[in-house]
Amino acid sequence: MSALPEAVDVAVVGAGIVGLAAADALIRRGARVACLDAGAPGHAQSAGYARGFRHLHANPALMRLAIESRAAWRALEARTGAELLERGGMLRLGADVEPEIAALRVVGVEARVVGADEAAARLPALAPEAGPLLLDPDAGAVHAAAAIHTLAALAGDRLVRARVRAIEPAGDGVRLRTSAGDLRCARCLVCAGAGTERLVAPLGITIARERRAAFRLTFRASIAAAGPLPVWSDRSERFGAQAYGTPEGRDRYAIGLIATTPPLDPADAEALPAAAADVRAARRRLIAYVRAALPGLDPAPVDGMLRMIAPLRGPDEDAIGLWRRDGVLAFAGHNLFKHGPRLGELLADAALGDGPPDPRLRPPA
C-alpha cells in the first residue's frame, strides 16, 4: 500500500470486493483514484477462501444483474489469466421448482431438475435421498481470496492503508479526514461494509441495516472430486436446517446455516463484538446437518469462519442500494461478492457521471 496523495478524482473507502472492483473500473476509465482501508484488502466482510455464485434471486432485476456479473467475472479472468469463477454449477434442494426454473430460463440460464444419480456424480458427498434437485449449470464457486489478490494487484499504488475518520463537503468537492492526513476529492464512493453508516450519517444519509453473525465450518471430503464441485443451497429443512455450501477446492467443502444468530447488540457495531455471538449451538446443529445431508464429508471440521453480515432491512436479504449526497455515494447490501466486478463497473459509472445511476442501485423503499 502507498502513501496518501493530496487530491484525487474519486476516493474509494473500503478495499473489500466492491471497493476494489470499483477502484479497478475507475482506473480503467482514466480517473485518479485512491482506495483507502484501515486493514489489508478483503480483511472484513470479504474474507474467506471462496464464495458461492448463483443466478437465482427473488428480484428479477438481480437475476439479470447476476447474468452480467458472470460475464464480468469472465472478462476479469481474460484480463488477468486467473481462474476466479469455477464452472461447478449449483444444486438447490427445496426449490419451488417449476417457477424457479421458468424464472432462470427467462434470463438465459438452462436450469433443470436432476435426479439422485446425476446429483451424486456432481456432489459425491451428498446423501442419496437428497432429491430431486434444481440445477443451475452456470453457477459455481468464486475463488474469493484469489479475486481479492488479483484486484488488489491491479489497484497497485492506489491502495492506501488509512482509517477514514470523517467525510466532509468541501467547496465543490469532498474532504476525507484520515489517520494518514487529509485527502481532497471530487467524489467519494463509500463501500466500507458495516462501517458505511457511521461515515455517511453526518451527511444526512441514513441506511437501515441489520447486523448478524454468519458462521460456517469447512469439512474434508472422503474422496477428492475429479472436477469443480457445485455450490449447495438447501431451503427444505429435510435434514434439520436450512443451509448453504461452497467448495474450497476439490477435497474441502464449507457449510453454513442460513440463520446463525438473531440480530446482534449493539446494532451499530462495525466488527463482530467480542462474545457477541455464541455459536456453540449453531456448531452442533451444523455438524448434525453435515452428518445427515452430506455423509461423504468427514464431520470433524478442519476450518471455520465467523464474521459479521449486514443486510439492508426488509424482506429481500439480497437487496442493494446506492445513496448520494454532496459528492458522496454510499453503497450497501449483502451477498455482494458474486456481483463484485459488475458492481464495480456500475459504481464507477455513478461516481463519474452526473445522471441517475443504474436503476438496480436505487435504494429500497
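The values are calculated or read from the model by the stated rules, or taken from the named source; none is laboratory data. All figures in this text were calculated on a predicted structure; none of them were measured in a lab. In this analysis, Cβ positions are derived from the backbone assuming ideal geometry, glycine residues included, and neighbour counts consider all displayed protein chains. In case anyone asks, the SASA skips ligands and DNA or RNA and just uses the protein heavy atoms, side chains included. Shrake-Rupley method; radii C 1.70, N 1.55, O 1.52, S 1.80 Å.
Scanning the range 13-53 for residues that are hydrophobic (A, V, I, L, M, F, W, C), farther than 15 Å from A348 by Cα and open to solvent by less than 20 Å² (accessible area, probe 1.4 Å) yields L36, A50, F53.
One line per residue, one yes/no per condition, for (1) under 20 Å from Y244 (Cα atoms); (2) in a strand (DSSP E or B); (3) in contact with a helix residue (DSSP H, G or I) (Cβ under 6 Å, 6 or more places away or on another chain):
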{"residue": "A31", "(1), (2), (3)": "no, no, no"}
{"residue": "A40", "(1), (2), (3)": "no, no, no"}
{"residue": "H43", "(1), (2), (3)": "no, no, no"}
{"residue": "S46", "(1), (2), (3)": "yes, no, yes"}
{"residue": "H55", "(1), (2), (3)": "yes, no, yes"}
{"residue": "A66", "(1), (2), (3)": "yes, no, no"}
{"residue": "S69", "(1), (2), (3)": "no, no, yes"}
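All conditions but one from (1) of a type outside the set (D, E, K, R); (2) open to solvent by 10 Å² or more (accessible area, probe 1.4 Å); (3) within 21 Å of R250 (Cα to Cα) apply to A75; the one that does not is (3). Reported count of residues in the range 246-279, each being under 28 Å from T196 (Cα atoms) and in contact with a Phe, Trp or Tyr (Cβ under 6 Å, 6 or more places away or on another chain), is 3.
Annotation: of all residues in the range 81-102 being closer than 10 Å to V113 by Cα and without any contact (Cβ under 8 Å) to a residue 40 or more places away in the chain, the one that is least open to solvent (accessible area, probe 1.4 Å) is I101. For the range 288-334, filtering for residues that are touching a Gly at 6+ places or on another chain (Cβ under 9 Å) and assigned to a loop (DSSP other than H, G, I, E, B) leaves 7. Looking only at residues of the range 150-192 that are within 18 Å of A348 (Cβ to Cβ) and charged (D, E, K, R), we find that the one that is most open to solvent (accessible area, probe 1.4 Å) is R158. Residues in the range 23-50 that are among the small types (G, A, S) and in contact with an Asp or Glu (Cβ under 8 Å, 6 or more places away or on another chain): A25, A31, A50. Listed by first and then second residue, the pairs linking a residue in the range 23-37 that is closer than 18 Å to E6 by Cβ to a residue that is open to solvent by less than 10 Å² (accessible area, probe 1.4 Å) and assigned to a loop (DSSP other than H, G, I, E, B), with Cβ atoms under 6 Å apart and 6 or more places separating them unless they lie on different chains, are C35/A15; L36/A162. Of the helices (runs of 4 or more DSSP H) entirely within the range 97-163, those holding at least 2 residues that are under 23 Å from the mean Cα position of the chain (by Cα) occupy 97-106, 144-155.
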